[in-house]
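Input: a single structure, listed below in structure tokens.
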Amino acid sequence: MLVVAMLATGALVSCSQPAGTDERAAPTPSGPTVRGPTMNDQKPVDMPGLHNVVAYHEGFYSGSVPEGREGFQTLAAMGVKTIISVDGAAPDVELARKEGIRYIHLPIGYNGFEEGRKAELVRATRDAMQNGPVYMHCHHGKHRSAGAAGAVAVSLGWATPAEMVERMKVSGTAPGYEGLYACTANASVMSVEEIDAVAADFPEVSQPTGFVKGMVEIEEVHEHLLAIQKAGWRVPKDHPDLVPAAEAGRMADLLRVLGASERSQREGSEFTAWLIRDGEHAARLEDMLVAGETDAETLSAQFRIVTASCKECHVKYRD
């Protein structure tokens, strides 16, 4: 995706769905049970409202953020009682509640996570598993949730580090996310006493603040622009609140603000310049839309410049 994910937020445009994934039957309104993926599956599974679902233990899954009511209905049909989000964006707690599912929000970054956060993830998973299957997700379910699920499975004694590293590869975790792989490769079994010592008052929503909040907002805007691009750079019929020029302007403003922030100054002049330059690219897209440019390829070419610049920044500062 964009600059957004650089510092502990959601996955972005680089997280495309792998070809050849399975499709599983959708739950009907009457709510029959749906079989989730198993440890024997050697490729991710797509299900209604869910993508890139991979089992890391019986009844313990990693995958994408649930898409609308359908995604939560699928999880309910799988018997899932608890969702643990490691994404930076706030989860849809209300939709989960409608399906009788509890949310726990413990965000992590692309470069891995500290022992304290790992211990929280381990306790949250262990306790939740007493009530039923657990689903762990980031945005696309390929990198952060896979790394977290692998480390949790090793810490609970369900598998060896080597086995879970291979499971992360099934999820499609990119080799460049060395920190996430290290969290699983270096994990070891935690004792009951160690797990019990972790406070269990986990939040439904962990609100990002400051710089991270801005990154999350940029990710949201980028998703909006992708939808607008798909609609031929017009207002999407299924999202009438999205005004193309306004969304491009919002991205430009967010990047400019972050480029002037104390956090970016601490990262150094190159990082700051990258944010400012990305803001200028987004502002150019805004100007084109405001001027009435209607050629979809011309607009998409400018959008690709924004995305390509952000990817380059990811290589240096996030990946």
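A few comments on the model shown:
- Failed item in (1) at pLDDT 50 or above; (2) in a loop (DSSP other than H, G, I, E, B); (3) touching a strand residue (DSSP E or B) at 6+ places or on another chain (Cβ under 9 Å), with Asp46 passing the rest: (2)
- Some residue of the range 253-271 being in a helix (DSSP H, G or I), of a type in the set (Ser, Thr, Tyr) and not assigned by TED's automatic domain parsing to the domain that holds Ala89: yes
- Residues in the range 166-186 that are charged (D, E, K, R) and at pLDDT 95 or above were compared, and the one that is surrounded by the fewest Cβ atoms within 10 Å (Cβ to Cβ) is Glu166.
- Subset of the range 126-140 [over 25 Å from Ala174 (Cβ atoms) and not in a helix (DSSP H, G or I)]: Gln130, Asn131, Gly132, Pro133
- Residue within the range 105-125 that is assigned by TED's automatic domain parsing to the domain that holds Tyr181, part of a loop (DSSP other than H, G, I, E, B) and at positive phi present: no
- Residue in the range 211-232 that is in a helix (DSSP H, G or I), among the acidic types (Asp, Glu) and loosely packed, with under 15 Cβ neighbours inside 10 Å present: no
- On inspection, Val192 fails the criterion of being surrounded by 16 or more Cβ atoms within 10 Å (Cβ to Cβ) and on the phi < 0 side of the Ramachandran plot.
- Among the residues of the range 61-70, some residue qualifies, meaning at least one is in the same structural domain as Leu180 (by TED's automatic domain parsing), over 17 Å from the mean Cα position of the chain (by Cα), assigned to a helix (DSSP H, G or I) and surrounded by fewer than 23 Cβ atoms within 10 Å (Cβ to Cβ).
- Residue in the range 200-210 that is over 30 Å from Trp158 (Cβ atoms), assigned to a helix (DSSP H, G or I) and either without any contact (Cβ under 8 Å) to a residue 40 or more places away in the chain or under 21 Å from the mean Cα position of the chain (by Cα) (or both) present: yes
- Failed item in (1) closer than 22 Å to Glu193 by Cβ; (2) surrounded by fewer than 24 Cβ atoms within 10 Å (Cβ to Cβ), with Glu163 passing the rest: (1)
For (1) loosely packed, with under 13 Cβ neighbours inside 10 Å; (2) of a type in the set (Phe, Trp, Tyr); (3) closer than 24 Å to Lys213 by Cα, each residue gets a yes or a no:
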{"site": "Lys237", "(1), (2), (3)": "yes, no, no"}
{"site": "Ala245", "(1), (2), (3)": "no, no, yes"}
{"site": "Arg266", "(1), (2), (3)": "yes, no, yes"}
{"site": "Leu275", "(1), (2), (3)": "no, no, yes"}
{"site": "Ala283", "(1), (2), (3)": "no, no, yes"}
{"site": "Val290", "(1), (2), (3)": "no, no, no"}
{"site": "Asp295", "(1), (2), (3)": "yes, no, no"}
{"site": "Lys311", "(1), (2), (3)": "no, no, yes"}
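- All positions within the range 272-319 that are in contact with a helix residue (DSSP H, G or I) (Cβ under 8 Å, 6 or more places away or on another chain), modelled with pLDDT of 85 or more and outside any helix (DSSP H, G or I): Glu293
- Residue that is modelled with the lowest pLDDT, among those in the range 141-158 that are touching a His at 6+ places or on another chain (Cβ under 7 Å) and in a loop (DSSP other than H, G, I, E, B): Gly141
- Failed item in (1) more than 17 Å from Met129 (Cα to Cα); (2) surrounded by 24 or more Cβ atoms within 10 Å (Cβ to Cβ); (3) in contact with a Ser or Thr (Cβ under 8 Å, 6 or more places away or on another chain), with Ile108 passing the rest: (3)
- Checking every residue in the range 22-36 against the condition of being at pLDDT below 95 and part of a strand (DSSP E or B) gives at least one match.
The values are calculated or read from the model by the stated rules, or taken from the named source; none is laboratory data. These numbers were taken from a predicted model, which means no experiment stands behind them. In this analysis, Cβ positions are derived from the backbone assuming ideal geometry, glycine residues included, and neighbour counts consider all displayed protein chains.
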